[in-house]
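The values are calculated or read from the model by the stated rules, or taken from the named source; none is laboratory data. Just so it is clear, the model here is predicted, and its values are computed rather than measured. Heads up, the Cβs are rebuilt from the backbone with ideal geometry, glycines too, and the neighbour counts pull from every protein chain shown.
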Amino acid sequence: MTYWMCENCSFVIENARPPEPCPGCKIKCAFMDVTCYTPDCGGIGTLDSKLVAHRVMKKEKPGKVVRFSDLIRGRTSEGKEKHIPFIEMAKGQGPGGKDLVEIEVGKQAPHPSTPEHYIVWVQAFGAKKDGQVLDLGRKVFRPGDGKPVYQFEIDSSQFKHLFSFAYCNQHGVWEQHLEL
C-alpha cells in the first residue's frame, strides 16, 4: 500500500490510490505520495514522517520560521482525550525482566480507527541522566488495527524522562512526557 497526503489539508491515508474526494477536506484534491522507499526513513513501505513534516511546513507563509514544536499539540489542546499518548511504566514487568513501557493513545476516550480518521504512528524517545536523547522506537498503525498501543522494554534507571509523540491523520502530532 501507499501513504497519500492531501496537498490542501494534509490529511494522510494509506490506500492503493489517492481517494476522490479527500476524506479530510471533502473536495477533489491533489495528493502527494509520502511513503518511505528507503530504510533511513523508518522502513520501506511505512509512512515517511520527514516528508509529511516538510510538506506541512511548506504550507506556512513564506518568510515565517516554522519549528516542529510549533506543530505539536498537548495537554491543553481541544480533543486531547482521544489524542494524547498516555505513558505508563511497570518496573520489572517486561518479558525480558526489564521495565515495561506502554504508550496508549486515547486512554481517556477511544480514538477512531477508520480509513478516514486514525492514529498513524506512535514514536518514543528517552532522555538519559547524562542528557543524551535516544530514539526508543516507533510503531505504525493501520485503519482497523484497534487501540493504538505501543509497548517496549527499557532499563529505567538510565533515564530521567520519557517522551512520546502520536500522529493523527486528521489532527496532527500530539505529545506527552513522563518524568522518571
Scan the range 1-23 for residues that are assigned to a loop (DSSP other than H, G, I, E, B), surrounded by 13 or more Cβ atoms within 10 Å (Cβ to Cβ) and among the charged types (D, E, K, R) and jot them down.
GLU7
When residues of the range 30-45 are filtered for being surrounded by fewer than 19 Cβ atoms within 10 Å (Cβ to Cβ), under 18 Å from GLU116 (Cα atoms) and not small (Gly, Ala, Ser), how many remain?
3
In the range 123-144, anything more than 23 Å from PRO39 (Cβ to Cβ) and outside any strand (DSSP E or B) is listed as LYS129, ASP130, GLY131, GLN132, PRO143, GLY144
Does any residue in the range 91-109 that is closer than 16 Å to ILE119 by Cα come within less than 7 Å, Cβ to Cβ, of a residue that is modelled with pLDDT of 90 or more and of a type in the set (Ser, Thr, Tyr) six or more places away or on a different chain, and which pairs are these?
ILE103/TYR150; ILE103/SER164
How many residues are in a loop (DSSP other than H, G, I, E, B) and over 19 Å from the mean Cα position of the chain (by Cα) if we restrict to the range 24-37?
6
If I filter the range 85-106 for residues that are surrounded by fewer than 17 Cβ atoms within 10 Å (Cβ to Cβ), under 28 Å from PHE11 (Cβ atoms) and of a type outside the set (Phe, Trp, Tyr), do I get at least one hit?
no
Report every pair of residues separated by at least 6 positions or lying on different chains whose Cβ atoms are under 6 Å apart, first residue within the range 168-180 and over 16 Å from THR114 (Cα atoms) and in a loop (DSSP other than H, G, I, E, B), second modelled with pLDDT of 90 or more and of a type in the set (A, V, I, L, M, F, W, C).
LEU180/PHE159
Can you tell me which residues in the range 47-87 are touching a Leu at 6+ places or on another chain (Cβ under 8 Å) and at pLDDT 70 or above?
ILE87
A careful count of residues in the range 116-169 that are under 30 Å from PRO21 (Cβ atoms) and exposed (fewer than 14 other Cβ atoms within 10 Å of the Cβ) gives 5
